[in-house]
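Readers should treat all values here as calculations from the given coordinates under stated rules, not as data from a laboratory. Remember, predicted model here, so these are calculated numbers, not experimental data. Every residue, glycine among them, receives a Cβ derived from its backbone with ideal geometry; neighbour counts consider all protein chains shown.
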Amino acid sequence: MTHFLDINATDTADLRAMIDQARAMKEARNSRPRGAPDDDQPLAGRMVALIFEKPSTRTRVSFDVGVRQMGGQTMVLSGNDMQLGHGETIADTARVLSRYVDLIMIRTFEEATLLEMAEYASVPVINGLTNRSHPCQIMADILTYEEHRGPIAGRKVVWSGDGNNVCASFIHAAGRFGFDFTFTGPPTLDPEAGFLEEARAAGVKAEIERDPMRAVEGADLIVTDTWISMHDPQSARERRHNQLRPYQVNDRLMAAAKPDALFMHCLPAHREEEVTNAVMDGPASVVFDEAENRLHAQKAVMRYCLGV
Ligand code: CP
Ligand code: NVA
C-alpha cells in the first residue's frame, strides 16, 4: 500500500519523480486550450473520497479538480456529517470506505487519526493536513520554487513566524530535497527539535536564529504562515500576535535576504499580520503560483499512490 502521509516518510527518489511528473503534467495541460480535457486519464473509473474535518478552500478544490482532470470521480465528505464525527471509530470508517473508494484524502486534527486511517484502510491514504504536518502543500512549494529559480538543492529557506504544521513539512523537505533551513520565531513556537535533528542527519543545515534580520541573510526563499492555525485556540490570539509581530514578513525583512529571494505563503493569508500587502503583492511573491501548483503536485501524488 502506497500512502502519502508525510514527506519524511516518503523516499527521496519518489518525491523527486512526483515533482518532475507534476511539472510535466502542468506544462502539458497549460499548453492546451482552456477546457480541453487531458489526453491522459489515469484515474478513469476511480473514486476518491475527500474527507474534511477542518475548513479548506485550496485543498478541497485542487484535489477535486485534479481527480476530475485525470478522469476520476470524487466524493467530498465533511467529518461532522459522517458517523466518524459521531462516535464511529476511525478504523471502522477506514475499513468501510475501502470497500467503496480507491483512494482517501483526509484533513484532520490529530496525526493519530491519519495514521489509524492508513493502518486500517486497504486503499491508499493521503495527508491533506493535520495539526502536525501538511506535506501536499510543500510538494507544491518545491515545484513552485524550482519553476522560478531552478533546483532547490543547496538553497537557503527561512521560515519566519510560528513553527507550525506547514513549517514541519518544510523541515521534512529540507532533508529530502537537500536545502538548508533556518527557523526564526519566538522560543515558545519552535518547530519540533526532532524534525530539525532529522534534517541535520540527512546532511543539511537546520537551524534556529532568533533575530529575523540575521536569519534571512543569504536567504533564497522566505516563508511564513498564519499566526493562529485551525487547531490553535482563539484565546491564544493576543499572546501569539504579541510574540510574532517581530517576525512579520515585510519589505525590510525581504530587503535583508538575497536580491532574488522569493516569498511564499500557503494561504489563507492574514494581510498586514504575518505578511504585509506590499510583500504579498510584490515582485518576490509567488503565492498564487503555489496555490495553482497544489493542483499539479497533488495529481502526481495521487498517481504515485495509485501506481498509475
Ligand atoms: N493552503 C491550504 O491548505 O489551504 P486550504 O486550507 O484552503 O486548503
Ligand atoms: N497552519 C495553517 C495552515 C492552513 C492551510 C493551519 O493549520 O490552519
Crossing angle, helix 111-120 versus the chain [Cα axis fit, 0-90 degrees, rounded to tens]: 30 degrees
Output ordering of 193-200, 84-91 (per-residue mean of other Cβ within 10 Å, highest first) is 193-200, 84-91
Please find the FRET efficiency linking Ser78 to Phe288, where r is the Cβ-Cβ separation and R0 is fixed at 30 Å, and quote it to the nearest 0.05. 0.65
Shape category assigned to region 135-290 from the gyration tensor of Cα positions, a/c cut at 1.5: rounded
Per the helix-only model, the chain has a calculated mean residue ellipticity at 222 nm (DSSP H runs of ≥4, -39500 (n - 2.57) each, divided over all residues, rounded to the nearest 500) of -12500 deg cm²/dmol
Report the residue, chosen from Phe183, Phe263, Phe288, that carries the largest GNM mean-square fluctuation when the chain is represented by alpha-carbon nodes joined by springs under 10 Å. Phe288
Ranked Phe170, Phe4, criterion: other C-beta atoms within 10 Å, fewest first: Phe4, Phe170
Taking the Cα centroid of region 171-197 and of region 1-18, what is the distance between the two, rounded to the nearest whole Å? 19 Å
Relative to the chain, whose Cα atoms define the longest principal axis, helix 135-149 and its Cα axis are tilted in degrees, nearest 10, by 60 degrees
With a cut-off of 14 Å, note down the residues of region 33-52 whose backbone N falls inside the zone around a label point 7 Å from the Cα of Val308 toward its beta carbon. 38-49
Find how much the distance from His148 to Asp260 grows on full extension, using 0.36 nm per residue of separation minus their present alpha carbon separation; answer in nm with one decimal. 39.3 nm
Can you give the FRET efficiency for Asp20 and Arg68, using 1/(1 + (r/R0)^6), R0 = 25 Å, r = Cβ-Cβ distance, to the nearest 0.05? 0.65
Output the peptides 131-142, 67-78 sorted from most to least packed, where packing is the average of other Cβ atoms within 10 Å over each peptide's residues. 131-142, 67-78
Distance between the C-alpha centers of region 27-105 and region 245-290? Whole Å please. 31 Å
For a label point 7 angstrom out from the Cα of Ala9 toward its Cβ, which stretches of region 70-92 have the backbone nitrogen within less than 20 Å? 79, 89-92
According to a simple spin-label model (label point 7 Å from Cα along Cα-to-Cβ), what is the distance in nm between Glu197 and Asn242? 3.3 nm
Net charge, Leu115 excluded, C-beta distance under 12 Å - Lys, Arg +1, Asp, Glu -1: -4
Here the convex hull volume per residue of the chain, taken over Cα atoms and given in Å³, is 127 Å³
Mind sorting Asp225, Asp232 by how few other Cβ atoms lie within 10 Å of their own Cβ, fewest first? Asp232, Asp225
Environment charge of Thr59, counting only residues whose C-beta is closer than 10 Å and scoring Lys/Arg +1, Asp/Glu -1: +4
Between Tyr247, Tyr120, Tyr145, where does the largest GNM mean-square fluctuation fall for the chain, given springs only between Cα atoms within less than 10 Å? Tyr120
Relative contact order (%) - criterion: Cα under 8 Å, at least six apart; region: the chain: 20 percent
